[in-house]
Amino acid sequence: MELIRDFKKLDKHAVALAGGKGASLGEMTKAGIPVPPGFVVLSAAFEKFLEETDLNVEIDAVIKTVKHEDINLVEQASVKIRDLISDAQMPDDIAKEIKAEFKKMDAKYVAVRSSATAEDSSVASWAGELESYLNTTEKDLLDKVKKCWSSLFTPRAIFYRFEKKLQDAKVSVAVVVQKMVQSEVSGITFTVHPVTEDRDQMVIEAGWGLGEAIVSGMVTPDAYVIDKKDFSIMDINIADQAKKIIKTPKGNQFVEVEHNKREEQKLGGVQIIELAKICAGIEKHYGFPCDIEWAYEKGDFYIVQSRPITTL
């Protein structure tokens, strides 16, 4: 049974194995887009884990007791299931393969992200809510993989399942393990203007530090509007950013932005155009408007995620 697959051997058709996130990273890697290297712990590994530990029977029993209108019952079920997964021993063959693949990557720190697989496209929007762990070391890797598995059973995920009548649908989870980029600047690109819906314009949002601060809405980023026809910059809006997330010896922390950088523009004109061209290439490759997460470290841009814009 195949448990792990490198990004290079995945593409957009691999959603059932690698989840939406894993399939997209594989597709972009194959297309020559600058994606940090990594691999996916396939959904088959999660299913094997559940089977060999008999957890699938216990989890089904817990889910059957849930009345989703009762938020307390949902929360109790979530805690119970997540504890069961946390306490169970990961089968040796899965653990060995994950560790061996990690060693091949030659990275001290990795990002570990859940990537849900589901037969139903309406699950895709919810799947984005599963957990991610940045700056994970080899020591914590297996634990974080299990935490990603168990994030399939957060209160929100359980509630969503009932609300969408998916409690009997096959929903599984793969886990993306990707070399961590210690971004000096990071952000999101919308290849179609998200407010005006003008398809000839893209908007790049940029902030200091790791991207989680922007994705989670903790900081207000700069916003740059680019004309996609000739890559001219139409508008620059600089945000005053007081805090950023960075890796410290104590883990990822919110720290003050240096005073002289608070009101500084995060990306220069040349960088904005370089990133806009990469993002236009991604949109062209997929053939639909994309919402792209990117990171900039030591002079290079990296793409860490791309998904369709579903709100247009």
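The values are calculated or read from the model by the stated rules, or taken from the named source; none is laboratory data. Predicted model, so just to flag it, every value in this text is computed and none were measured. Note: ideal-geometry Cβ built from the backbone for every residue, glycine included; neighbour counts use all protein chains shown.
A Cβ distance below 9 Å, combined with a sequence gap of six or more or placement on separate chains, defines the contacts here; from region 94-108, residues that are loosely packed, with under 12 Cβ neighbours inside 10 Å reach residues that are among the aliphatic types (A, V, I, L, M) in the pairs ALA100/ILE4; LYS108/MET180.
Here GLU274 passes the criteria (1) more than 18 Å from the chain's Cα centre (by Cα); (2) surrounded by 15 or more Cβ atoms within 10 Å (Cβ to Cβ); (3) acidic (Asp, Glu); (4) not in a helix (DSSP H, G or I) except the one numbered (4). Screening the candidates MET90, MET28 for the property of being within 20 Å of LEU142 (Cα to Cα) and among the aliphatic types (A, V, I, L, M) yields one hit, MET90. Apart from one condition, ASP140 fits all of (1) over 30 Å from ASP70 (Cβ atoms); (2) at pLDDT below 90; the exception is (2). Note on region 243-271: among residues that are assigned to a loop (DSSP other than H, G, I, E, B) and surrounded by 13 or more Cβ atoms within 10 Å (Cβ to Cβ), the one that is modelled with the lowest pLDDT is ARG262.
For (1) polar (S, T, N, Q); (2) farther than 23 Å from PHE288 by Cβ, each residue gets a yes or a no:
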residue: SER172; (1), (2): yes, yes
residue: PHE190; (1), (2): no, no
residue: ILE204; (1), (2): no, no
residue: GLY209; (1), (2): no, yes
residue: GLU212; (1), (2): no, yes
residue: MET218; (1), (2): no, yes
residue: ASP222; (1), (2): no, yes
residue: ASP227; (1), (2): no, no
residue: ASP230; (1), (2): no, no
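Looking at ILE233, ILE272, just one residue is under 26 Å from ARG307 (Cβ atoms), touching a helix residue (DSSP H, G or I) at 6+ places or on another chain (Cβ under 7 Å) and among the hydrophobic types (A, V, I, L, M, F, W, C), and that residue is ILE233.
Okay, residues lined up against (1) within 12 Å of CYS279 (Cα to Cα); (2) surrounded by fewer than 22 Cβ atoms within 10 Å (Cβ to Cβ):
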{"residue": "SER186", "(1), (2)": "no, no"}
{"residue": "THR189", "(1), (2)": "yes, no"}
{"residue": "MET202", "(1), (2)": "yes, no"}
{"residue": "ILE214", "(1), (2)": "no, no"}
{"residue": "THR220", "(1), (2)": "no, yes"}
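Enumerate the strands (runs of 3 or more DSSP E) found wholly within region 132-241, keeping only those where 3 or more residues are touching a Gly at 6+ places or on another chain (Cβ under 8 Å) and among the β-branched types (Val, Ile, Thr). Here the list reads 171-179. Of the helices (runs of 4 or more DSSP H) lying entirely inside region 1-101, those carrying at least 3 residues that are farther than 30 Å from LYS165 by Cα are 15-30.
Within region 287-308, if we keep just the residues that are under 18 Å from VAL203 (Cα atoms), not in a strand (DSSP E or B) and not hydrophobic (A, V, I, L, M, F, W, C), the residue that is farthest from the chain's Cα centre (by Cα) turns out to be GLY287.
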